[in-house]
Amino acid sequence: MHANTNPVEFDFSMGSALAFSFECCRKTIESQISEREQAITHAMREFKGNYADLFCKNTVQSMNYAKELIEALRNAEVNMRKYIEAAKEEVRIREEIKLWEESKSSTNQNGIVGGGTRSSLSSKTVKTQPRNTEPPNYEIYVSASAKNSEAASNPNAAPTISQFQSHTVSSPPAPGEPVKVPYADPTYLGPGTVSGIPANLYKYYETIKALGPTVESDQGALQTLYDCFHNHTKWGYFNAAELIIAVKAWVADTYVEGARAFKIAKTLWEAGSKGELSEANPNLTNPYTIHSADSDKIRKDLGDIPATQYLRYVPSAHVLGGVPSSGYSNDPVSVATGNFIEPELDLAFDNTAARTLKLKRMYNSVAVVHKSELPSGIFGPGWSSTLDTKLVFTSDEAQWYTDDGRILSFTREGDGYSRAPGEPWWLTKTTPGASLYDRANSMCVQAHEQTGAEFTSYTNPHYWAITNNEHTTHTFAADGTWVSTTVGHPSNTVVAVRKNYSAQESRPESTATQNSLITDLVHPTTGRAIHIDYAHHDGETARPSQAYTYNTVGGHAGMPLTIAEYGYTPTGHLTTVSTTTGTRTYTHTPEGLIHEVSDVNGHVEVTNTYDDDGRVVHQVSEYDYDISYQYAPGGITIISGENAGVAPNVFYSDEKGRLIGVTASDGSHYTMRYNSLNNRVSETQRDGSTVTRSFDERGRLVRERTPEGADYTYSWDEYDRVTAVSVLDARDTINLGTPITISYGYTDESNPNPSMLTDGTGATTYYEWDGNGNLTSSTDPTGVTTTFGYDIHGDLISVTDGAGNVIHLVRDEQGRVTQTINPLGETCTLRYNASGVPISYEDAAGSRWTFTYPQVTDTRCVPAIVREKQQLQNRQTSGGLTHGCSLRR
């Protein structure tokens, strides 16, 4: 942390002019309200029929917009002046901080400067550390039209200049595409008769034509001053672009309505005069009397007037980051959306072939506050987990509840479902005879056989499969119950086992979920599993009480290996998770939100304070770092460190919650753009360098250009496997370098692993795989073959080189490497304690390294299943490795 002595980049003179321009534009519109309303009232006299109704609706809305623009401009003017004052405060603070730091560095405890001379800075010069200032209270104005608009209904939506132009303004008179709306389009009106006084309608047209240019002139001045101000201001960000365009759009709408009134007046007068409007026409009528015409005739005459509305709602100006700092700068903190998330991994087989077998939990604070929209899972309020994934079907869509608490929807499309919006996930039905069905069914049979649970294929008339472009497949029973998940090779599958469960197509999804709890997660190929036990809370709700890993095959089959025990409050909130390493603890606020998270050593990792929407507004880290969060409209989060002298960091998210920009405390910017499938297509770093990417219709990366000038191109086959990667030097965009290509070949459609690789020189390496997706051999371009051996759990235990030399790996029952034996027979040994962490390493020469850890002295931190007397009596230690007896379930 250091003094921020950089000059504050702020154009004060242009800022003052901009504030005055907001005031002028507001007063201009305000002064025209009465005259415009009188013109509307005058035009509506004796004006009847469907076009009269359209005119009335449009002009009433136009006047409402005018009044909202007045308030929005007033709000922008007030906030602009506060923004200017805040910038002046920032200048003062930085100057005082600079003087303060200089006085500290030049004066020691005795007031002596390094050379022995007493400092010339007296105590009166800088008495105390410079004071900070209260942050400006920027006013927030949200118009009624913005609240009601579909484009502004999402509080996380961040309206951008391009979004506003494309949805609200067209050219001419403003940039963007026009929006066709029923209440602005005469083609939506039916047949009938329209009557009115032509002179009154013409008077309205003349009034609009006379008043509009003054507003346009003020708007033009606003735009010019706004652009000039932004070109010379880097401290904070005043976003009024949408508001300034909205003024122009409003004028454009009034011009369109005026032109429509003029056309109707002309058509009515011509109908009454039975011909041209000229002195030579003997039937020329008095335009100050009531005239009538057929709606079809009016509709035809209005054909050249655009049936558009340029302004859909009145936006507001926002000040971002314009908050005086402490005078110090620090690195930016991580982005936050307001939703407190806490990912937890309770049990897993780390660094083994069963790497996808995990029991995970994810906490989302918004799920506690918004229970109906984001239901919590089996671990209690706020938690979702591996055990909670499911499919729920409605008449319109299928909803996928993921293990991290999200809900992805697949809309019905014919007999099937469409792709998940903005996500590379597809939902399809697979029936008996299809390879996907047969593989899933085979894995289910193996898993149920290994656990002793009943399973027959006829109980699943079909499976629902959710797949992506990265070889991940989630299968569900006909009723939406989760069955299995496959990642990569088909053998890498985890199956959810439910005792006494029979899938029936007619069974309601809720019944299947409530009455068929997952008792085991099984990886059939490796013979590894996780067992879950449950206990009932409040007499009805079942919650996991304990879980443990075990093997389904081999000499240690059925023996608990690593164990987790869960504790809850009487209301069902998860409070403790105990393992052999200790206990993680969660405390809660009166509203049921997680307040503190403590690790196994009792250290508080985080303390949260929330607002009414379940968003974190204040957080204390494990290092006593105070962090505050402010949430502005439009998906903007301002994060600052209260006790560390950190200037705010501003994070911008779009309407989908994706991070699209960061303004760091030092004023630097980092921006991101996405395509419609949530792929990040560009990133502009803080130094201005850019990464650009292109993706195909399946969301696969097909091209990437790095800031260094490297240009990568990717090719894929129909099974989402990469077939070639090319790279060339694109620093000179005219004279591109020669591409270097690496290509991949495959043997069958089900294996995502390549059977051959050809590098840029044309040299080829060959790979062979067994039926479980294990690499059994590789042959390099010179013909040298290396082979690999595996145990019954699919874990690597030997490597044989081309000369026949073998390296052996010895593993314990959890798949951890305990010994390595080189081709000379020399052995290195690694030992673990009961918590699963290494305690010693001994090399082939007998040298030993030992590791010590803080001991968990509180026996309450040890799960009950470990404390049980029978198990403790039967535990035995052999060769430094901890083993245990089989525990009946």
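From the residues in region 59-82 that are surrounded by fewer than 18 Cβ atoms within 10 Å (Cβ to Cβ) and more than 38 Å from the chain's Cα centre (by Cα), which one is nearest to Ala17 (Cα to Cα)? Among residues in region 59-82 that are surrounded by fewer than 18 Cβ atoms within 10 Å (Cβ to Cβ) and more than 38 Å from the chain's Cα centre (by Cα), the one nearest to Ala17 (Cα to Cα) is Met63. Only one of the listed residues (Ser119, Ser105, Ser149, Ser145) is at pLDDT 85 or above and either over 25 Å from His230 (Cα atoms) or not assigned by TED's automatic domain parsing to the domain that holds Pro315 (or both). That residue is Ser145.
Inside region 756-771, residues that are in contact with a Phe, Trp or Tyr (Cβ under 9 Å, 6 or more places away or on another chain) and exposed (fewer than 15 other Cβ atoms within 10 Å of the Cβ) make up a count of 2. A search for C-beta distances below 7 Å between a residue of region 232-245 that is at negative phi and any residue that is modelled with pLDDT of 80 or more and of a type in the set (S, T, N, Q), counting only pairs 6+ apart in sequence or on different chains, returns Tyr237/Thr663; Leu243/Ser316; Ile244/Gln219; Ile244/Gln223. As a summary of the residue check, Lys656 satisfies the conditions (1) closer than 22 Å to Ser365 by Cα; (2) buried (at least 17 other Cβ atoms within 10 Å of the Cβ); (3) of a type in the set (Lys, Arg) except for the one numbered (2).
Within region 524-545, the residues that satisfy the criterion of being out of contact with any Gly (no Cβ under 9 Å at 6 or more places or on another chain) and surrounded by 21 or more Cβ atoms within 10 Å (Cβ to Cβ) are Pro524, Ala529, Ile530, His531, Ile532, Pro544. Gly737 - would you say it is on the phi < 0 side of the Ramachandran plot, surrounded by fewer than 16 Cβ atoms within 10 Å (Cβ to Cβ) and touching a strand residue (DSSP E or B) at 6+ places or on another chain (Cβ under 9 Å)? Taking the combined requirement at face value, the residue satisfies it.
Considering region 593-685, the qualifying strands (runs of 3 or more DSSP E), each wholly inside and each with 2 or more residues that are among the β-branched types (Val, Ile, Thr) and over 16 Å from the mean Cα position of the chain (by Cα), run over 594-598, 604-610, 616-621, 636-641. When region 392-439 is limited to residues that are among the β-branched types (Val, Ile, Thr), in a strand (DSSP E or B) and under 30 Å from Arg673 (Cβ atoms), the one that is nearest to the chain's Cα centre (by Cα) turns out to be Ile407.
Say we look at region 397-437 and pick out the residues that are farther than 30 Å from Asn339 by Cα and of a type in the set (A, V, I, L, M, F, W, C); which of these is surrounded by the fewest Cβ atoms within 10 Å (Cβ to Cβ)? Only one residue fits best here, namely Ala434. Test Val799 against the stated conditions and say whether it is outside any loop (DSSP other than H, G, I, E, B), of a type in the set (Val, Ile, Thr) and in the same structural domain as Leu824 (by TED's automatic domain parsing). Considered against the rule, which asks whether it is outside any loop (DSSP other than H, G, I, E, B), of a type in the set (Val, Ile, Thr) and in the same structural domain as Leu824 (by TED's automatic domain parsing), Val799 comes out as yes. For region 417-438, residues that are under 19 Å from Thr402 (Cα atoms) and of a type outside the set (Val, Ile, Thr) total 12. Total residues in region 336-362 satisfying the condition of being in a loop (DSSP other than H, G, I, E, B) and among the aliphatic types (A, V, I, L, M): the figure is 4. Residues in region 27-51 that are over 22 Å from Glu68 (Cβ atoms) and within 47 Å of the chain's Cα centre (by Cα): 2 in all. When region 276-297 is examined, which residues are found to be surrounded by 13 or more Cβ atoms within 10 Å (Cβ to Cβ), in a loop (DSSP other than H, G, I, E, B) and either modelled with pLDDT of 85 or more or at positive phi (or both)? Hit for region 276-297 is Ile290, nothing else.
Based on what the data block shows, is Tyr205 in a helix (DSSP H, G or I), of a type in the set (Ser, Thr, Tyr), within 46 Å of the chain's Cα centre (by Cα) and surrounded by 17 or more Cβ atoms within 10 Å (Cβ to Cβ)? In short, no. For region 400-428, residues that are over 22 Å from Glu697 (Cβ atoms) and in contact with a helix residue (DSSP H, G or I) (Cβ under 9 Å, 6 or more places away or on another chain) total 4. Evaluate the following for Ala39: is it farther than 30 Å from Lys234 by Cβ, out of contact with any Ser or Thr (no Cβ under 8 Å at 6 or more places or on another chain) and part of a helix (DSSP H, G or I)? Considered against the rule, which asks whether it is farther than 30 Å from Lys234 by Cβ, out of contact with any Ser or Thr (no Cβ under 8 Å at 6 or more places or on another chain) and part of a helix (DSSP H, G or I), Ala39 comes out as no. Right, Thr549: surrounded by 21 or more Cβ atoms within 10 Å (Cβ to Cβ) and in a loop (DSSP other than H, G, I, E, B) or not? So Thr549 does not fit the description; no.
The values are calculated or read from the model by the stated rules, or taken from the named source; none is laboratory data. Please read all numbers here as calculations on a predicted model, not as lab measurements. When we count neighbours, we look across all protein chains shown, and the Cβ atoms used for this are built from the backbone with ideal geometry, even at glycine.
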